[in-house]
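Participant: Structure provided below as structure tokens; questions to follow.
What follows draws every value from the coordinates through simple rules; no lab data is involved. Predicted, not measured: the structure shown is a model, and the values here were computed from it. Using ideal geometry, Cβ is built from the backbone for each residue, glycine included, and neighbour counts are taken over all protein chains shown.
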Amino acid sequence: MSARDAISLAIIIFAGTGGELCVTRTMKRIGEVKSFYPHHLLRVIGRAFRSGWMWLGIGLMTLSFFSLLMLLSWENVSFVVPVTALSYVFGAFGGKFLLGEHIEPRRWLGVVLVCLGVLLVCIG
Amino acid sequence: MNFRHRLHGKTLFLIGLMAVFGALGDVLLRKGMKQIGAVASWHPAALLSTFERTFSSGPIWLGITSLLLFFVAYLLVLSWADYSYVQPASATGYLVVAVLGYLLLGEVVPRMRWVGVLIICLGVLLVGGTPPRTTEEG
């Protein structure tokens, strides 16, 4: 993996994970979506877009998206997408320390296996 | 059907939609960027030209549409399920990406990469066996 690829990957992971955590924070505050009728969904989306955290999340996810486009212009998708699974490490830590989620040992083991898989994808 | 089964069923359904739309979106983006060509210069004029070609590409817009559908499913599922559950569980999309990359784009996927993807899926199965929510509502 070249330095150029590594920088793009770091932006995808950090901006993407940061964005997802911001969006999660917004949706958790709104509460569980119990009705899937279009007008109810539009009301939920409207409430979400009145949150500053949602817009910060979208900004970070946009940055991640452009970095993904650049990396996809250089490398195959069957390499790029699995490698971005490194974000699981940051996702699990972010979920635990920023959102107060309880991560069970079994879930940690799953995250570790995902990381091992990513390593093999890189070697392959 | 009790509350826990209903919650688990709709969570798995939306994660399935996320896997399909997410993977299809990424494959379409790769198809579009392959047609446009590698970003080779950081000169503003060259970047602007790449930007214009990117957003006048059919596969890129189809990819973005697919990723928007992924995003809607993602937002809905995050309203009740933990982020650290949803994010790893949606990793089944990695297998779909590898298969679609191989079938639709003719990418060469080495054996080691297939093994890596399957191990990712094994991790996903372990993660999927845990409760979707561990924090209090509200």
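Participant: Just name one of A:LEU68, A:VAL114, A:PHE93: the one whose Cα is farthest towards the positive end of the charge dipole of the stretch A:3-123 (beta-carbon charges, Lys/Arg +1, Asp/Glu -1).
Facilitator: Ranked along the dipole, the leading option is A:PHE93.
Participant: With viscosity set to 1.306 mPa s and temperature to 10 °C, compute the Stokes-Einstein D of the protein assembly as shown, Rh being the Kirkwood radius across alpha carbon pairs; µm²/s, no decimals. Intermediate results must be reported in sequence, preceding the final value.
Facilitator: On the way: Rh = 18.7 Å.
Reported coefficient: 85 µm²/s.
Participant: Tilt of helix A:3-30 relative to the longest C-alpha principal axis of chain A, in degrees (0 to 90, nearest 10)?
Facilitator: 20 degrees
Participant: Which of A:GLU20, B:GLU52, A:GLU75 comes first, and how do the rest follow, when ranked by fewest Cβ neighbours within 10 Å?
Facilitator: B:GLU52, A:GLU75, A:GLU20
Participant: A follow-up question, please. With each pseudo-label sitting 7 Å past Cα toward Cβ, what's the B:VAL72-A:LYS96 distance in nm, one decimal?
Facilitator: Between B:VAL72 and A:LYS96, the label points sit 3.6 nm apart.
Participant: Compare the peptides B:35-41, A:102-108, B:24-30 by average per-residue count of other Cβ atoms within 10 angstrom and give them in order, highest first.
Facilitator: Per-residue Cβ counts within 10 Å, averaged per peptide and sorted highest first, yield B:24-30, A:102-108, B:35-41.
Participant: May I ask you to work out the translational diffusion coefficient for the stretch B:3-128 at 37 °C, viscosity 0.692 mPa s, via Stokes-Einstein with Rh from the Kirkwood sum over Cα pairs, reported in whole µm²/s?
Facilitator: 204 µm²/s
Participant: Separate question: Given the -39500 (n - 2.57) contribution per DSSP H run of 4+ residues, what per-residue ellipticity at 222 nm results for the protein assembly as shown, rounded to the nearest 500 deg cm²/dmol?
Facilitator: On the way: 12 runs with 203 residues, N = 262.
It lands at -26000 deg cm²/dmol.
Participant: Give me the inter-chain shielding for B:109-116: mean count of other chain Cβ atoms within 10 Å, whole number please. Let's see the in-between values first.
Facilitator: Details: counts 6, 6, 2, 5, 10, 4, 5, 13.
Mean number of neighbouring Cβ atoms from other chains: 6.
Participant: Please report, in debye to the nearest 20, how large the charge dipole of the protein assembly as shown is about its Cα centre when each Lys and Arg carries +1 at its beta carbon and each Asp and Glu carries -1 there.
Facilitator: Approximately 440 debye in magnitude.
Participant: To continue, here is another question. Run the dipole for the stretch B:3-128 about the Cα centre, Lys and Arg Cβ at +1, Asp and Glu Cβ at -1, nothing else charged, and hand back the magnitude in debye, nearest 20.
Facilitator: 220 debye
Participant: Return one number: the angle in degrees, 0 to 90 and rounded to the nearest 10, between the long axis of the Cα atoms of helix A:105-123 and the longest principal axis of the Cα atoms of chain A.
Facilitator: 40 degrees
Participant: Moving on to the next point. Among A:GLY46, A:VAL83, B:TYR102, which residue has its Cα positioned farthest towards the positive end of the charge dipole of the protein assembly as shown, with +1 placed on the Cβ of Lys and Arg, -1 on the Cβ of Asp and Glu, and the dipole taken about the Cα centre?
Facilitator: Going by the Cα projections, it comes out as A:GLY46.
Participant: Give me the distance in nm between label points sitting 7 Å out from Cα along the Cα-to-Cβ direction at A:TRP53 and B:ILE64, one decimal.
Facilitator: The answer from the label model is 2.8 nm.
Participant: How many angstrom lie between the C-alpha centres of the stretch B:17-57 and the stretch A:37-108?
Facilitator: The stretch B:17-57 and the stretch A:37-108 have Cα centres spaced 19 Å from each other.
Participant: Quick one: compute a quarter of the convex hull surface over the Cα atoms of chain A and quote it in nm².
Facilitator: Taking the Cα atoms of chain A, their convex hull projects to 9.1 nm² on average.
Participant: Here's another thing I want to ask about it. 7 Å from Cα along Cα→Cβ at both B:SER56 and B:HIS8: what's the point-to-point distance in nm?
Facilitator: Taking the simple label geometry, B:SER56 and B:HIS8 are separated by 5.3 nm.
Participant: May I ask for the angle, rounded to the nearest 10°, between helix A:87-97 and the longest principal axis of chain A, with both axes built from Cα atoms and the value confined to 0 to 90°?
Facilitator: 40 degrees
Participant: Per residue of A:43-49, count partner chain C-beta atoms within 10 Å of its C-beta, then hand back the mean as an integer.
Facilitator: 1
Participant: Average partner chain C-beta neighbours within 10 Å, per residue of A:13-26?
Facilitator: Taking all residues of A:13-26 together, the mean is 2.
Participant: Name the residue from B:TRP42, B:PHE13, B:SER79 whose Cα lies farthest towards the positive end of the charge dipole of the stretch B:3-128, charges +1 on Cβ of Lys and Arg and -1 on Cβ of Asp and Glu.
Facilitator: Positive-end residue among those listed: B:PHE13.
Participant: Treating only the Cβ of Lys, Arg, Asp and Glu as charged (+1, +1, -1, -1), what charge dipole size does the stretch A:1-73 show about its Cα centre? Round to the nearest 20 debye.
Facilitator: Around 400 debye, computed over the stretch A:1-73.
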